[in-house]
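Everything below concerns the one structure shown next.
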Amino acid sequence: MTSSKSDHHKGTRRRHRAQTSDFRVLPWTPVCCVLMTLSAVVVAVSFVMPHVLRVPLDAWAAPGRAWFDVGNENNLPTWWNAALLMVAAALASVVACVSWNGRRAKSPGTAVWWLIGLLLAALSLDEVASLHERLGRLADAALPGHGFTYAWLAVGIPMALALLTGTVFVTRSLAVVPRRLLLAGLLVLFTGAVGLEAANDILVRLSDQTDAHNPHLFHVIYHAEELLEMLGACLLVTAPLSSVQVTHSPDGVVVKPR
């Protein structure tokens, strides 16, 4: 009996030390910098590839270029961006589990991170399967006079605005830093995916109307578009990392939400 009481007191002291230890936020800043640097390298390789291969800027299917061009699908840049978003979704799910164990089961933070994880997983799937481009059929049926060359934008623009607005309200219960990273990540990502895509849409329509195609400007815009998407994904990866604190205790590593 004495031994049992002693073990109980020792366990209590360990837990108390863990609770009173200095919890530290994970080093999300260097992680973000590394991921952004790698993303910039991926886009830079794509940007210079036509000059290296000495092919026209609009020869996207040229041998060797298709594997690295950010404007193509099912290649290295697609894999990289989809992987970033999937890692972000996985980390958001982990934080949701931590919040579930560390707080009341009905904590708002838990539900928020589950929702963010689902959203990021859907964005990763879209990156691989190009689901957004199929919205063009819906746009043509619902808004036959939309005027976009890339028809999916007629539906994609209001959807992006709705997602951003919803995220602003849903994430109000989160800590300041992860909330800002989430909102900044989605804003940067949608600025590229929707905003610069719309700029390219205008460029294509002007080219059709004036017969003055500018491949250099198109080349710059679509690389800027993909770069913003990747940088936004990098911010989304680091948002969950910034939302937890860790410390070491005699029982191991202790993790808790901020």
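Every read-out reported here was derived from the displayed coordinates using simple, explicitly stated rules and does not represent laboratory data. Note that the structure is predicted; figures quoted are calculated from it, not measured. Positions of Cβ are generated from backbone atoms using ideal geometry, with glycine treated the same way; all protein chains shown enter the neighbour counts.
Applying a 10 Å radius around every beta-carbon, put 109-120, 52-63 in order of their mean neighbour count, most first.
Going by the mean number of other Cβ atoms within 10 Å, highest first, we get 109-120, 52-63.
Peptides 64-74, 28-38, 82-92 ranked from most to least packed, by the mean per-residue count of other Cβ atoms within 10 Å: 82-92, 64-74, 28-38. Here the simple spin-label model places points 7 Å from the Cα toward Cβ, and for residue 58 and residue 126 these points are separated by 2.8 nm.
Amide H contacts for residue 245 (H built 1.01 Å from N in the peptide plane; partners 5 or more residues away or on another chain; cut-off under 5 Å): 256, 258.
Label-to-label distance, residue 137 versus residue 66, with points set 7 angstrom from Cα along the beta-carbon direction: 2.4 nm. Near residue 151, once Lys and Arg are set to +1 and Asp and Glu to -1 for all other residues with Cβ below 11 Å from its Cβ, the sum equals -1. A simple spin-label model places the labels of residue 90 and residue 76 2.2 nm from each other, with each point 7 Å out along Cα-to-Cβ. Remark on the stretch 26-257: Rg and Dmax equal 19.8, 72 Å (Cα only).
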